[in-house]
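Step one of this worksheet: look at the structure below.
Coordinate-derived values only; no laboratory data. If you're wondering where the values come from, they're calculated on a predicted model, not measured in any experiment. FYI the Cβ positions are ideal-geometry reconstructions off the backbone, even for glycines, and counts take in every protein chain you see.
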Amino acid sequence: MCRAARTRPTLGFTDKNLYAKMSEKLSEKFEGTPASRGVVAEKLLRWKAETKDEKDGLLMVRELQKRGKTYFAGGYVRDMLLSREFKKPFKPKDIDIATELPPEESSAILESAGFETKFVGKSFGVLKAFRVDQGHALDVATFRVEEEYADGAHPDKVVLIRDPEKDAERRDFTINALFFDPVEGKVIDYVGGLKDIKERVLRPVGDPEKRFAEDYSRMLRYVRFRNQCELPFDRKVQDVIKRNAEKIMDIAPEKVRKELDAILKLPKNYLAVADMERLGLLQYVLPEMSALQEVMHPRSAPYHKEGSVFRHTLEALRSFGSKPYMARMREMLSLSEGMDPGDVRDRFFKRYGGEVPWAVLCHDLGKRTKQQTRTLPNGDTRTTFVGHELDSRDMVRDIAKRFNFSAERRDKIM
């Protein structure tokens, strides 16, 4: 796996006057206004700020809206709408705020409203806002467009803009490109995300070929969100990923590792691993695991009736999310029976890290290299994997080196 060259994106403005000029120039470049380009605004019934983050977020949006368009964006909006569509409980988290205001102006407004701010991604127009005495910070980002992805992973240039539609159009998937106005209680959709949620389909924004070519790690993100949100495949998207699967090798190892970490923490991580194999991604990111498709457990053995070692590993990952294992997690963490399984998993990973599912994934990798056929005294043959655990450990070392795991994480997996 090659490490993609990293270049720091250039910022589209340095002061308010230049910001305004670029915003005007961009408006001339793209025809029409947001209203004429088919924006959908849907009133969301019964929304109320209940958590501390929601209340802080609402206050931030209300203050920023005095000077310009400002909304909730991203995962919070997606999860809220999916929970309503699937009639599942909604657990608010990861509130991000998107605004037309430049970072310096957002910072000044929020600090005058009693929040502290800190710039964390100034080249992307991102700052964190928080109350000193209350901890958790919310991200506040200026609308932006990203121009050219020469390395297939990082934008060469970032331009901060005032148009929320163009911001929505640069995002990865339609369900991640929705905005929510908590003051008006309206969902704002420029890319068809509401329709896709109602139809329960995961699609990239715009042309899938172009969207993945901008950043090929989005192919792994597609697998992650499909399984996280329990959405079916889009046939066209499948074909695009299969054609481009090898290009995941051009993505920086750390970026691939981050996506794999997130995938393995999913409740149905076994389905996501199967999806990676089906789409041709696994052979490039984890060839050791993909090769287990061809390694078979003996049919006559009284154990491992799944057939291939690949299938056995998927079943082992599946058991990690089973009721008995969840009960064991609750016992280890002294948690109540009534706690939501998702919260139990979050507590478990926070306490013990994400290495356990990695260990489950890797525990039988060595069976490919230790597979032998022995002839028994009665003439029958038997397939054995003597010493496979040693080769599995060696393969974990190789994987850890490939993805730049810390020595501590590597040793925990081993």
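Annotations
- For the peptides 183-190, 385-392, residues were scored by their other Cβ atoms within 10 Å and the scores averaged per peptide; the highest-first order is 183-190, 385-392.
- Inter-probe distance in nm under a simple model that places probes 7 Å from Cα toward Cβ, at F86 and R62: 3.2
- Over 20 Å between alpha carbons, listed pairs K128/K157; K128/K210; K48/K87; K258/K323; K242/K401; K88/K268: K128/K157; K128/K210; K258/K323; K242/K401
- Segment 193-237-segment 45-116 distance, computed between alpha-carbon centres (Å): 24
- For segment 64-196, the dipole from Cβ point charges (+1 on Lys and Arg, -1 on Asp and Glu) about the Cα centre works out to 520 debye, to the nearest 20.
- Extending 7 Å from the Cα toward the beta-carbon at both A41 and Q134 defines two label points whose distance is 2.8 nm.
- Net charge of neighbours whose Cβ lies under 12 Å from the Cβ of R382, counting Lys and Arg as +1 and Asp and Glu as -1: +1
- Remark: relative contact order (the chain) = 13 percent; criterion is Cα-Cα distance under 8 angstrom and separation of 6 or more residues.
- Radius 10 Å from Cβ of K195, net charge of other residues (Lys, Arg +1; Asp, Glu -1): -1
- Given charges at Cβ of Lys, Arg, Asp, Glu: the chain dipole, positive-most of L281, Y270, L390: L390
- Sequence-separation-based contact order of segment 286-413, relative, with Cα cut under 8 Å and 6+ spacing, percent: 22
- Computed over neighbours whose Cβ is under 12 Å from that of V120, the net charge equals +2, Lys and Arg +1, Asp and Glu -1.
- Its Cα centre serving as origin, the chain has a Cβ charge dipole (Lys and Arg +1, Asp and Glu -1) of approximately 920 debye.
- Shape category assigned to segment 286-413 from the gyration tensor of Cα positions, a/c cut at 1.5: oblate
- Overall form of the chain per C-alpha gyration tensor (a/c, 1.5; a/b vs b/c): prolate
- Packing, taken as the mean count of other beta carbons within 10 Å per residue, orders the peptides 285-297, 365-377, 327-339, 264-276 from highest to lowest as 264-276, 285-297, 365-377, 327-339.
- Rounded to the nearest 10 degrees, the inclination of helix 75-85 to the longest alpha-carbon principal axis of the chain is 70 degrees.
- Annotation for K48 and A113: the two label points, set 7 Å from Cα along the Cα-Cβ direction, are 2.2 nm apart.
- In a fully extended conformation the segment linking F124 and L390 would gain 91.2 nm over its present Cα-Cα distance, using 0.36 nm per residue.
- FRET efficiency for R299 and D398, using Cβ-Cβ distance with R0 set to 51 Å, rounded to 0.05: 0.95
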